[in-house]
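Data first, discussion second: the structure below is written as C-alpha coordinates.
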Amino acid sequence: MGFFSGFDGRVAGGPSILAADFADLAGQVRATGAGGAELVHFDVMDNHFVPNLSLGPAVAASLVSATFLPVDVHLQVINPDDLIPAFIEAGVCSISVQPEAVRHLYRTLAMILAGGCEAGLSLSPATSPEAVEWALPYVDYANVMSVDPGFGGQDFIPEAADKVRRVRQMADVPVEVDGGITEKTAPGMVEAGARVLVAGSAVFGGDPATEMGKIIASGRRASSGAEPG
Ligand code: DX5
Ligand code: ZN
(Lines give C-alpha, C1' and ligand atoms only; values in the text may rest on other atoms or scores of the structure.)
(Ligands and ions follow the chains in the order given, each with its own letter.)
Protein backbone atom coordinates (compact mmCIF):
# COMPACT_ATOMS: atom_id res chain seq x y z
CA MET A 1 0.00 0.00 0.00
CA GLY A 2 1.50 3.30 -1.05
CA PHE A 3 1.35 6.68 0.62
CA PHE A 4 -1.48 7.93 -1.59
CA SER A 5 -3.41 4.72 -2.28
CA GLY A 6 -3.52 3.99 1.45
CA PHE A 7 -4.51 7.50 2.33
CA ASP A 8 -7.10 7.77 5.10
CA GLY A 9 -8.30 11.34 4.59
CA ARG A 10 -6.14 12.96 7.26
CA VAL A 11 -4.32 16.20 6.49
CA ALA A 12 -0.63 15.53 5.86
CA GLY A 13 2.24 17.81 5.00
CA GLY A 14 5.62 17.64 3.39
CA PRO A 15 8.45 20.01 2.53
CA SER A 16 9.32 20.97 -1.02
CA ILE A 17 13.08 20.67 -0.91
CA LEU A 18 13.51 23.36 -3.55
CA ALA A 19 13.86 25.95 -0.80
CA ALA A 20 16.14 23.80 1.40
CA ASP A 21 19.86 24.26 1.97
CA PHE A 22 21.13 21.65 -0.49
CA ALA A 23 24.42 21.38 1.39
CA ASP A 24 22.45 19.95 4.32
CA LEU A 25 19.54 18.31 2.54
CA ALA A 26 19.26 15.27 4.78
CA GLY A 27 19.45 17.36 7.94
CA GLN A 28 16.82 19.77 6.70
CA VAL A 29 14.45 16.98 5.69
CA ARG A 30 14.89 15.28 9.08
CA ALA A 31 14.02 18.57 10.74
CA THR A 32 10.71 18.71 8.87
CA GLY A 33 10.06 15.12 9.96
CA ALA A 34 10.36 16.32 13.55
CA GLY A 35 7.69 18.88 12.67
CA GLY A 36 5.29 16.18 11.44
CA ALA A 37 6.16 15.93 7.72
CA GLU A 38 4.97 12.64 6.25
CA LEU A 39 6.57 12.84 2.82
CA VAL A 40 9.29 14.76 0.96
CA HIS A 41 8.36 16.59 -2.22
CA PHE A 42 11.29 16.48 -4.65
CA ASP A 43 11.06 19.07 -7.44
CA VAL A 44 12.86 18.17 -10.65
CA MET A 45 13.38 21.01 -13.16
CA ASP A 46 15.15 20.85 -16.49
CA ASN A 47 15.62 24.44 -17.73
CA HIS A 48 13.34 23.57 -20.67
CA PHE A 49 9.81 22.95 -19.43
CA VAL A 50 10.59 25.53 -16.72
CA PRO A 51 13.42 28.10 -16.65
CA ASN A 52 14.91 26.70 -13.46
CA LEU A 53 17.30 23.76 -13.02
CA SER A 54 17.23 21.64 -9.88
CA LEU A 55 18.07 18.10 -8.85
CA GLY A 56 18.24 14.71 -10.52
CA PRO A 57 18.04 11.01 -9.74
CA ALA A 58 21.45 10.76 -8.02
CA VAL A 59 20.41 13.24 -5.35
CA ALA A 60 17.04 11.49 -5.03
CA ALA A 61 18.82 8.18 -4.39
CA SER A 62 20.96 9.77 -1.67
CA LEU A 63 17.89 11.29 -0.05
CA VAL A 64 16.00 7.99 -0.14
CA SER A 65 18.86 6.45 1.84
CA ALA A 66 18.94 9.33 4.30
CA THR A 67 15.27 9.55 5.28
CA PHE A 68 12.44 7.26 6.32
CA LEU A 69 9.94 9.59 4.68
CA PRO A 70 8.60 8.58 1.25
CA VAL A 71 10.11 10.66 -1.54
CA ASP A 72 7.50 12.13 -3.91
CA VAL A 73 9.02 13.30 -7.21
CA HIS A 74 7.43 16.18 -9.13
CA LEU A 75 8.79 16.09 -12.68
CA GLN A 76 8.76 19.53 -14.26
CA VAL A 77 10.61 18.43 -17.38
CA ILE A 78 9.90 17.81 -21.02
CA ASN A 79 10.10 14.15 -22.05
CA PRO A 80 9.66 12.81 -18.52
CA ASP A 81 9.74 9.25 -19.92
CA ASP A 82 13.51 9.64 -20.30
CA LEU A 83 13.98 10.22 -16.58
CA ILE A 84 11.32 8.03 -14.98
CA PRO A 85 13.40 4.79 -14.99
CA ALA A 86 16.26 6.47 -13.12
CA PHE A 87 13.93 7.81 -10.43
CA ILE A 88 12.30 4.40 -10.05
CA GLU A 89 15.80 2.94 -9.66
CA ALA A 90 16.55 5.62 -7.05
CA GLY A 91 13.84 4.15 -4.83
CA VAL A 92 11.35 7.01 -4.79
CA CYS A 93 7.74 6.22 -3.84
CA SER A 94 5.67 8.38 -6.13
CA ILE A 95 6.16 10.35 -9.34
CA SER A 96 3.90 13.04 -10.77
CA VAL A 97 4.18 14.47 -14.26
CA GLN A 98 2.93 17.67 -15.85
CA PRO A 99 0.46 16.71 -18.61
CA GLU A 100 1.50 19.88 -20.46
CA ALA A 101 4.92 18.25 -20.98
CA VAL A 102 3.82 14.70 -21.79
CA ARG A 103 3.18 13.45 -25.30
CA HIS A 104 1.41 10.16 -24.48
CA LEU A 105 -0.03 10.27 -21.00
CA TYR A 106 -1.28 6.68 -20.63
CA ARG A 107 2.13 5.33 -21.57
CA THR A 108 3.91 7.62 -19.13
CA LEU A 109 1.59 6.76 -16.24
CA ALA A 110 1.88 3.06 -17.07
CA MET A 111 5.67 3.33 -16.94
CA ILE A 112 5.53 4.83 -13.45
CA LEU A 113 3.07 2.22 -12.19
CA ALA A 114 4.98 -0.68 -13.77
CA GLY A 115 8.04 0.47 -11.83
CA GLY A 116 6.18 0.04 -8.56
CA CYS A 117 5.70 3.75 -7.88
CA GLU A 118 2.47 5.62 -7.38
CA ALA A 119 1.56 7.86 -10.30
CA GLY A 120 0.28 11.40 -10.10
CA LEU A 121 -0.73 14.27 -12.34
CA SER A 122 0.48 17.78 -11.52
CA LEU A 123 -1.78 20.41 -13.03
CA SER A 124 -0.43 23.88 -13.77
CA PRO A 125 -2.76 26.68 -12.69
CA ALA A 126 -4.09 27.26 -16.23
CA THR A 127 -4.66 23.56 -16.99
CA SER A 128 -8.25 22.34 -16.67
CA PRO A 129 -8.76 19.03 -14.90
CA GLU A 130 -11.07 18.18 -17.81
CA ALA A 131 -7.96 18.04 -20.03
CA VAL A 132 -6.85 14.93 -18.15
CA GLU A 133 -10.28 13.54 -17.33
CA TRP A 134 -9.67 10.28 -19.19
CA ALA A 135 -6.38 9.69 -17.41
CA LEU A 136 -7.68 10.28 -13.88
CA PRO A 137 -8.72 6.62 -13.37
CA TYR A 138 -5.05 5.72 -13.84
CA VAL A 139 -3.57 7.96 -11.14
CA ASP A 140 -3.06 7.53 -7.42
CA TYR A 141 -3.09 11.27 -6.69
CA ALA A 142 -3.43 14.70 -8.22
CA ASN A 143 -1.17 17.65 -7.48
CA VAL A 144 -3.07 20.91 -7.95
CA MET A 145 -0.48 23.62 -8.39
CA SER A 146 -1.28 27.03 -6.99
CA VAL A 147 1.67 28.72 -8.75
CA ASP A 148 3.13 28.22 -12.20
CA PRO A 149 5.84 25.55 -12.03
CA GLY A 150 9.45 26.70 -11.93
CA PHE A 151 10.22 28.54 -8.72
CA GLY A 152 9.57 28.62 -5.03
CA GLY A 153 8.37 31.73 -3.29
CA GLN A 154 5.76 32.83 -5.85
CA ASP A 155 2.37 34.33 -5.03
CA PHE A 156 -0.43 31.89 -4.30
CA ILE A 157 -3.15 31.74 -7.01
CA PRO A 158 -6.45 31.54 -5.11
CA GLU A 159 -8.47 30.04 -8.00
CA ALA A 160 -6.61 26.81 -7.32
CA ALA A 161 -9.07 26.10 -4.48
CA ASP A 162 -11.93 25.80 -6.98
CA LYS A 163 -9.80 23.46 -9.03
CA VAL A 164 -9.23 21.26 -5.99
CA ARG A 165 -13.04 21.04 -5.60
CA ARG A 166 -13.42 20.14 -9.27
CA VAL A 167 -10.77 17.41 -9.13
CA ARG A 168 -12.36 15.93 -6.02
CA GLN A 169 -15.71 15.78 -7.85
CA MET A 170 -14.07 14.07 -10.81
CA ALA A 171 -11.91 11.49 -9.05
CA ASP A 172 -11.67 9.83 -5.67
CA VAL A 173 -7.94 10.41 -5.26
CA PRO A 174 -6.04 12.40 -2.64
CA VAL A 175 -5.25 15.94 -3.76
CA GLU A 176 -1.86 17.41 -3.02
CA VAL A 177 -1.45 21.19 -3.29
CA ASP A 178 1.81 22.86 -4.19
CA GLY A 179 2.78 26.51 -4.48
CA GLY A 180 2.47 29.37 -2.03
CA ILE A 181 1.15 27.09 0.71
CA THR A 182 1.45 28.70 4.13
CA GLU A 183 -0.36 28.70 7.44
CA LYS A 184 -2.71 31.26 5.87
CA THR A 185 -3.41 29.63 2.49
CA ALA A 186 -3.56 25.99 3.67
CA PRO A 187 -7.01 26.19 5.34
CA GLY A 188 -8.84 27.26 2.15
CA MET A 189 -7.22 24.44 0.22
CA VAL A 190 -8.14 21.89 2.89
CA GLU A 191 -11.72 23.19 2.97
CA ALA A 192 -11.79 22.64 -0.79
CA GLY A 193 -10.75 19.02 -0.28
CA ALA A 194 -6.94 19.02 -0.43
CA ARG A 195 -5.24 16.72 2.04
CA VAL A 196 -1.50 16.81 1.27
CA LEU A 197 0.09 20.20 1.86
CA VAL A 198 3.43 20.82 0.16
CA ALA A 199 5.37 23.91 1.17
CA GLY A 200 8.85 25.13 0.36
CA SER A 201 9.71 28.70 1.25
CA ALA A 202 7.22 28.83 4.12
CA VAL A 203 8.96 25.82 5.71
CA PHE A 204 12.60 26.63 5.06
CA GLY A 205 12.23 30.38 5.56
CA GLY A 206 12.27 29.71 9.30
CA ASP A 207 12.93 26.74 11.57
CA PRO A 208 11.80 23.81 9.37
CA ALA A 209 10.30 21.73 12.20
CA THR A 210 8.32 24.63 13.64
CA GLU A 211 7.10 25.97 10.31
CA MET A 212 6.13 22.53 8.96
CA GLY A 213 4.21 21.87 12.17
CA LYS A 214 2.33 25.17 11.93
CA ILE A 215 1.18 24.51 8.35
CA ILE A 216 -0.02 21.00 9.15
CA ALA A 217 -1.83 22.25 12.26
CA SER A 218 -3.60 25.02 10.35
CA GLY A 219 -4.70 22.50 7.70
CA ARG A 220 -5.96 20.09 10.37
CA ARG A 221 -7.96 22.79 12.08
CA ALA A 222 -9.66 23.51 8.75
CA SER A 223 -10.40 19.84 8.10
CA SER A 224 -12.78 19.40 11.01
CA GLY A 225 -16.18 19.52 9.38
CA ALA A 226 -14.79 19.56 5.84
CA GLU A 227 -15.34 16.70 3.40
CA PRO A 228 -12.98 13.75 3.86
CA GLY A 229 -10.16 13.55 1.37
C1 DX5 B 1 7.23 24.98 -8.01
C2 DX5 B 1 7.37 23.73 -7.20
C3 DX5 B 1 7.00 23.85 -5.79
C4 DX5 B 1 7.76 24.92 -5.05
C5 DX5 B 1 6.89 25.37 -3.94
O6 DX5 B 1 7.51 24.67 -9.33
O7 DX5 B 1 6.61 22.68 -7.74
O8 DX5 B 1 7.07 22.60 -5.13
O9 DX5 B 1 8.97 24.49 -4.53
O10 DX5 B 1 7.54 26.42 -3.29
P11 DX5 B 1 6.75 27.45 -2.42
O12 DX5 B 1 6.11 26.66 -1.30
O13 DX5 B 1 7.79 28.38 -1.97
O14 DX5 B 1 5.72 28.08 -3.29
ZN1 ZN C 1 6.45 20.77 -6.70
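The values are calculated or read from the model by the stated rules, or taken from the named source; none is laboratory data. A quick note: this is a predicted structure, and the numbers were derived from the prediction, not measured. Using ideal geometry, Cβ is built from the backbone for each residue, glycine included, and neighbour counts are taken over all protein chains shown. Just the protein is used for accessible areas: all its heavy atoms, side chains included, with ligands, DNA and RNA removed. Shrake-Rupley method; radii C 1.70, N 1.55, O 1.52, S 1.80 Å.
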query: Among (1) within 12 Å of ligand 2 (Cβ to nearest atom); (2) open to solvent by less than 10 Å² (accessible area, probe 1.4 Å), where does L109 come up short?
result: (1)
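Touching a residue at least 60 places away in the same chain (Cβ under 8 Å), touching a strand residue (DSSP E or B) at 6+ places or on another chain (Cβ under 8 Å), open to solvent by 10 Å² or more (accessible area, probe 1.4 Å) and more than 26 Å from M45 (Cβ to Cβ): does that describe R168?
Details: touching a residue at least 60 places away in the same chain (Cβ under 8 Å): yes; touching a strand residue (DSSP E or B) at 6+ places or on another chain (Cβ under 8 Å): yes; open to solvent by 10 Å² or more (accessible area, probe 1.4 Å): yes; more than 26 Å from M45 (Cβ to Cβ): yes.
Yes: the conditions hold for R168.
Among G115, G188, G150, G120, which is at positive phi, modelled with pLDDT of 95 or more and not β-branched (V, I, T)?
Working: G115 fails: at positive phi; G188 fails: at positive phi; G120 fails: at positive phi.
G150 is the lone residue from the list that is at positive phi, modelled with pLDDT of 95 or more and not β-branched (V, I, T).
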- line: In the stretch 68-83, anything within 15 Å of ligand 1 (Cβ to nearest atom) and open to solvent by 50 Å² or more (accessible area, probe 1.4 Å) is listed as I78
The stretch 58-89, residues that are among the aromatic types (F, W, Y) and under 19 Å from G33 (Cβ atoms): F68
- request: Tell me which residues, restricted to the stretch 1-48, are more than 16 Å from ligand 1 (Cβ to nearest atom) and surrounded by 23 or more Cβ atoms within 10 Å (Cβ to Cβ).
  value: F4, V11
query: Among all residue pairs at least 6 apart or on different chains, which show Cβ distances below 7 Å where the first residue, located in the stretch 131-151, is open to solvent by 80 Å² or more (accessible area, probe 1.4 Å) and the second is more than 16 Å from ligand 2 (Cβ to nearest atom)?
result: E133/M170; Y138/Y106; Y138/L109
